[in-house]
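Undergrad: One structure is given below, represented as C-alpha cells, and several questions about it will come after.
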Amino acid sequence: MDISLSINCDFESVFLINGNLIEGGEIVYAENEVVYLTVLPLSAMLLPYTVKLVGGAIKSNEELAKCYNLGAGKFYLKLLARFNYVYSIPSTKKTETGDLIEKFFKCVIENRIQDARSCLSQELSESIDDQSLLAFFDGYNDIIADDRTKGLYYLIDQTQNGTLYNFSLKYGVIDNIIEF
C-alpha cells in the first residue's frame, strides 16, 4: 500500500526528499520505503534538520516533527521550527491563531472555558455545560484543518491518529460540531 504524506510547517521553507528538492505539498511513497526529509528554512533565524520516516512513523528528530495518521494511508507531517539558539527564557506570551476553530480548541485544551464559549453560538453555548465541553475534547492534543474542505478538521489523539469533525459556522461563530 502506498502512503500519501502531506508536508506542513508554519514557516517558509523548501525540502529535500531523499536528495530531491521540492517546495512542499504532498508526496506518495511505498509503505516500507525509507524517506529522508530535510527541512531547509528560508529564514536565517532557523536551522535545517533531517527527519527519517519509515511508513508513517518518524524514526529521528521526533521532537521537531509530528506525524498524524488520518486513515486510509493518509498521513499529515507537521514540522516545527528549529531555532539557532539553545538557551533562552521560555515565552509566556500565548500566541492566538486567526482561525476560530483552532482558537476554540486551544481555549478548551488550556481550560479557558469563557474564551472557548465566546467562539460558540449562544444556543450551542447554553446547551452544554463546562464539564461536557472539556470532556468532548478530552484525549485530543492537536487540531489540523483539512485543506480540501472548509469546516473539516482532524482532532489528533495521544496515539497520533486523527478523527474528522465538521465545525459548522453561523454568523461567524461555531454553531454545531459533528464527527464524521
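Undergrad: Are there GluC sites (Glu not before Pro) in the range 1-85 that DSSP puts in a loop and that have at most 13 other Cβ atoms within 10 Å, and which ones?
TA: Sites meeting the loop and neighbour criteria: Glu12, Glu23, Glu31, Glu33, Glu62, Glu63.
Undergrad: Right, here's the next one. With respect to the cross-link table entries Lys74/Lys150; Lys52/Lys103; Lys106/Lys170; Lys66/Lys170; Lys150/Lys170; Lys78/Lys170, which display a Cα-Cα separation exceeding 25 Å?
TA: Over 25 Å apart, Cα to Cα: Lys52/Lys103; Lys66/Lys170; Lys78/Lys170.
Undergrad: Using a/c under 1.5 as the rounded threshold, could you call the range 2-79 rounded, prolate or oblate? The axes a ≥ b ≥ c are square roots of the C-alpha gyration tensor eigenvalues, and prolate needs a/b larger than b/c, oblate otherwise. Mind showing how you got there, number by number?
TA: Values: a/c = 1.71, a/b = 1.65, b/c = 1.04.
Taking the square roots of the gyration eigenvalues as a ≥ b ≥ c, the range 2-79 is prolate.
Undergrad: Name the residues whose placed amide hydrogens come within less than 5 Å of the amide hydrogen of Ser13, ignoring near sequence neighbours (fewer than 5 apart) on the same chain.
TA: Leu42
Undergrad: Report the calculated FRET efficiency for Ile22 and Glu123 (r = Cβ-Cβ distance, R0 = 45 Å), to the nearest 0.05.
TA: 0.50
Undergrad: In addition: Could you compute the FRET efficiency for Ala44 and Glu110, with r as their C-beta to C-beta distance and R0 at 30 Å, rounded to 0.05?
TA: 0.40
Undergrad: I want to check the label-to-label distance for Asp99 and Val54. Put each point 7 Å from Cα in the C-beta direction and report it in nm to one decimal.
TA: Rounded to a tenth, the inter-label distance reads 3.1 nm.
Undergrad: Over the Cα atoms of the chain, compute the convex hull volume and normalise it per residue, giving Å³.
TA: With only Cα atoms used, the chain gives 135 Å³ per residue.
Undergrad: May I ask for the distance between the Cα centers of the range 127-180 and the range 9-84, given as a whole number of Å?
TA: 25 Å
Undergrad: Just want to confirm a number: the relative contact order over the chain, from Cα pairs under 8 angstrom separated by 6+ residues, in percent. Write down the numbers at each step before the final one.
TA: Details: 321 pairs, mean separation 27.3, N = 180.
Computed value for the chain: 15 percent relative contact order.
Undergrad: Label the range 141-180 by shape, choosing from rounded, prolate and oblate, from the square roots a ≥ b ≥ c of the eigenvalues of the Cα gyration tensor; if a/c is under 1.5 it is rounded, and otherwise prolate applies when a/b is larger than b/c, oblate when it is not.
TA: Working: a/c = 2.39, a/b = 1.92, b/c = 1.24.
Because a/c hits 1.5 or more and a/b exceeds b/c, the range 141-180 counts as prolate.
We did not get these values from a lab; they are worked out from the coordinates using the rules stated. In this text, all values refer to a predicted model and were calculated from it rather than measured experimentally. A quick note on method: Cβ atoms are made from the backbone with ideal geometry, for glycine too, and the neighbour counts reach across all protein chains shown.
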